[in-house]
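Trainee: Handing you this structure, nothing more for now.
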Amino acid sequence: MKLHLRRTHITIPLMLGLFGAGTPAHADEFYKGKTVKLIVGSGEGGGVDILGRSVARHLGKHIPGSPTFIVSNIPQPSAIGGANFVYNVAKPDGLTIGAASAGLFSRTITSPQVKFKLDRFTWLGNLYGATVLFWMRTDFPCQTFEALKTCPQRLKFGGTSRGSTGYGLAPALIKEALGLKMDMIIGYKNTDIVLALERGEIHASGGDLIGFFGGRPFELMKEGKVRILAQVGSAKAPELAPYNVPLTTDITPASHKPLFELINPWIDMARPYFAPPGVPAERAKVLQDAIASLAKDAAFRAEVKKAAQIDITLVPGDRMLKSIKAMLDLPQDVKDKIIGMVRKKKKK
């Protein structure tokens, strides 16, 4: 398998003619000599990008014909740009795959920029059930959630977008549930958050486990400069066992537990892989089988473990679709609560 990891940023209007339809062929023969485009719905260096590039390095050998992979980034918040591209621009020929984050699911409810229907994608599988983190500098004067309720200095939390589960929605829920004196400063790129924190421009941030352990934040923690206050997810991450980090559902009032329980299924599908609607069934099955096989690939798992300190966990495409349909059927009052939190204006 050949691999070209091109660090490109796609301008969507200029790409309308890029994806030509494949010639008819049996799925076992179709991919020979072909190039598969992996559209990463984030900027470079974040958790989606780290895992996506590992996927691109290994997935081809699990597809009959061993196609070449090209990786391209569309760095719009919460993977919306990438998902819009895969849904509306890419041909349904099995030669385009999208990679996103859990923010894709919350944004479906909250963002007017969404130009797709979640239940119409060809879902290939999810490779990582994430854990969202809330972490902060160790030199901030108030170091516990209890202290942050009455802290004389307001905590500045830096994030990418309010629609991001890890950088927007989850910390907003934590702030509201625990009554924290915290301002959310939104609009950073993934790669700029740590720089802002090291400069003292912000005091805390979020994201997920793969981005934290796979990048500079983990180094800062080993240096004693940052610590993790809470984790958000269905269950405690084994990787965090040495650090005694509580689950938000264990420390929040009963009135707010249902909202955390609502977003947990999205976090469980934190690294979804998908193709456009209408991919021929036999090619869709080839890709779904390839993702399932990749999840068992020892070399791939070892690479991801080394790069990001996380273990691959597979959710097959059919199970993803069931969860997505359940999410779309949420009561409107619950959706309205989430919309209200995401669309709050940031404080200066």
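Trainee: Tally up the residues in the stretch 208-235 that are over 18 Å from PHE140 (Cβ atoms) and crowded, with 24+ Cβ neighbours inside 10 Å, please.
Mentor: 7
Trainee: With the checklist (1) within 27 Å of THR252 (Cβ to Cβ); (2) over 15 Å from the mean Cα position of the chain (by Cα) in hand, flag the one item VAL86 doesn't pass.
Mentor: Exception for VAL86: condition (1).
Trainee: A follow-up question, please. So in the stretch 4-42, with the set limited to residues that are at pLDDT 85 or above, in a loop (DSSP other than H, G, I, E, B) and not charged (D, E, K, R), which one is farthest from ASP289 (Cα to Cα)? Working first, answer last.
Mentor: So in the stretch 4-42, the residues at pLDDT 85 or above come out as 29-42.
If we keep only those that are in a loop (DSSP other than H, G, I, E, B) too, we end up with 31-34, 41-42.
Those left that are additionally not charged (D, E, K, R): 31, 33, 41-42.
Numbers: TYR31: 14, GLY33: 19, GLY41: 22, SER42: 25 Å.
Selected residue: SER42.
Trainee: Kindly establish whether SER161 is among the small types (Gly, Ala, Ser), surrounded by fewer than 22 Cβ atoms within 10 Å (Cβ to Cβ), modelled with pLDDT under 95 and assigned by TED's automatic domain parsing to the domain that holds PHE218. Spell out the reasoning first.
Mentor: Numbers: among the small types (Gly, Ala, Ser): yes; surrounded by fewer than 22 Cβ atoms within 10 Å (Cβ to Cβ): yes; modelled with pLDDT under 95: yes; assigned by TED's automatic domain parsing to the domain that holds PHE218: yes.
In short, yes.
Trainee: Is it the case that ILE193 is assigned by TED's automatic domain parsing to the domain that holds LEU229, under 17 Å from the mean Cα position of the chain (by Cα) and farther than 21 Å from ILE251 by Cα?
Mentor: Values: assigned by TED's automatic domain parsing to the domain that holds LEU229: yes; under 17 Å from the mean Cα position of the chain (by Cα): yes; farther than 21 Å from ILE251 by Cα: yes.
Considered against the rule, which asks whether it is assigned by TED's automatic domain parsing to the domain that holds LEU229, under 17 Å from the mean Cα position of the chain (by Cα) and farther than 21 Å from ILE251 by Cα, ILE193 comes out as yes.
Trainee: Give just the number: which of (1) buried (at least 16 other Cβ atoms within 10 Å of the Cβ); (2) modelled with pLDDT under 95; (3) part of a loop (DSSP other than H, G, I, E, B) does GLY94 not satisfy?
Mentor: All conditions are met except number (2).
Trainee: What number of residues in the stretch 47-82 are of a type in the set (A, V, I, L, M) and touching a Gly at 6+ places or on another chain (Cβ under 6 Å)? Outline the logic, then answer.
Mentor: Narrowing the stretch 47-82 to residues of a type in the set (A, V, I, L, M): 48, 50-51, 55-56, 59, 63, 70-71, 74, 79-80.
Within this subset, residues satisfying the condition of being touching a Gly at 6+ places or on another chain (Cβ under 6 Å) are 50, 74, 79.
Residues meeting the conditions: 3.
Trainee: For the stretch 105-162, which positions are among the hydroxyl-bearing types (Ser, Thr, Tyr) and assigned to a helix (DSSP H, G or I)?
Mentor: Of the residues in the stretch 105-162, the ones among the hydroxyl-bearing types (Ser, Thr, Tyr) are 106, 108, 110-111, 122, 128, 131, 138, 144, 150, 160-161.
Within the stretch 105-162, SER106, THR108, THR110 meet the criteria.
Trainee: Could I ask something else about it? So if I check each of CYS142, CYS151, which one is surrounded by fewer than 23 Cβ atoms within 10 Å (Cβ to Cβ), modelled with pLDDT of 95 or more and closer than 19 Å to PRO246 by Cα?
Mentor: Sole residue among the options that is surrounded by fewer than 23 Cβ atoms within 10 Å (Cβ to Cβ), modelled with pLDDT of 95 or more and closer than 19 Å to PRO246 by Cα: CYS142.
Trainee: I'm trying to understand the selection: among the residues of the stretch 294-311, which are at pLDDT below 95 and crowded, with 20+ Cβ neighbours inside 10 Å?
Mentor: Across the stretch 294-311, the qualifying residues are VAL304, ALA308, ILE310.
Trainee: Free of Cβ contacts under 8 Å to residues at least 24 places away in the same chain, assigned to a strand (DSSP E or B) and surrounded by 19 or more Cβ atoms within 10 Å (Cβ to Cβ) - does that describe any residue in the stretch 191-204?
Mentor: For the stretch 191-204, residues free of Cβ contacts under 8 Å to residues at least 24 places away in the same chain, assigned to a strand (DSSP E or B) and surrounded by 19 or more Cβ atoms within 10 Å (Cβ to Cβ): absent.
Trainee: Can you tell me which residue within the stretch 65-106, out of those that are of a type in the set (Phe, Trp, Tyr) and in contact with a strand residue (DSSP E or B) (Cβ under 7 Å, 6 or more places away or on another chain), is farthest from TYR128 (Cα to Cα)? First the steps, then the outcome.
Mentor: Filtering the stretch 65-106 down to residues of a type in the set (Phe, Trp, Tyr) leaves 69, 85, 87, 105.
Add one more test, that the residue is in contact with a strand residue (DSSP E or B) (Cβ under 7 Å, 6 or more places away or on another chain), and what stays is 69, 85.
Working: PHE69: 21, PHE85: 23 Å.
Among them, the one singled out is PHE85.
Trainee: OK, next. Is the stretch 212-228 home to any residue that is of a type in the set (A, V, I, L, M) and closer than 18 Å to ILE251 by Cβ? Full working, then the answer.
Mentor: Filtering the stretch 212-228 down to residues of a type in the set (A, V, I, L, M) leaves 220-221, 226, 228.
Filter once more, keeping what is closer than 18 Å to ILE251 by Cβ: 228.
Scanning the stretch 212-228, I find at least one residue that is of a type in the set (A, V, I, L, M) and closer than 18 Å to ILE251 by Cβ, so the answer is yes.
Trainee: Shifting gears a bit: Examine the stretch 265-278 for a residue that is surrounded by fewer than 19 Cβ atoms within 10 Å (Cβ to Cβ) and either at pLDDT 90 or above or under 30 Å from LYS91 (Cβ atoms) (or both), and state whether such a residue exists.
Mentor: Looking for residues that are surrounded by fewer than 19 Cβ atoms within 10 Å (Cβ to Cβ) and either at pLDDT 90 or above or under 30 Å from LYS91 (Cβ atoms) (or both), one finds at least one in the stretch 265-278, hence yes.
Trainee: Pick out the one residue from GLY168, GLY103 that is buried (at least 24 other Cβ atoms within 10 Å of the Cβ) and closer than 20 Å to ALA237 by Cα. Don't jump to the end; show me each part of the working.
Mentor: Working: GLY168 fails: closer than 20 Å to ALA237 by Cα.
On inspection, the qualifying residue turns out to be GLY103.
Trainee: From the list ALA254, ALA284, ALA302, which one is free of Cβ contacts under 8 Å to residues at least 24 places away in the same chain, farther than 24 Å from ILE210 by Cα and of a type in the set (A, V, I, L, M, F, W, C)?
Mentor: When all the criteria are applied, what remains is ALA254.
The values are calculated or read from the model by the stated rules, or taken from the named source; none is laboratory data. Quick caveat: nothing in here was measured; it's all calculated off a predicted structure. In this analysis, Cβ positions are derived from the backbone assuming ideal geometry, glycine residues included, and neighbour counts consider all displayed protein chains.
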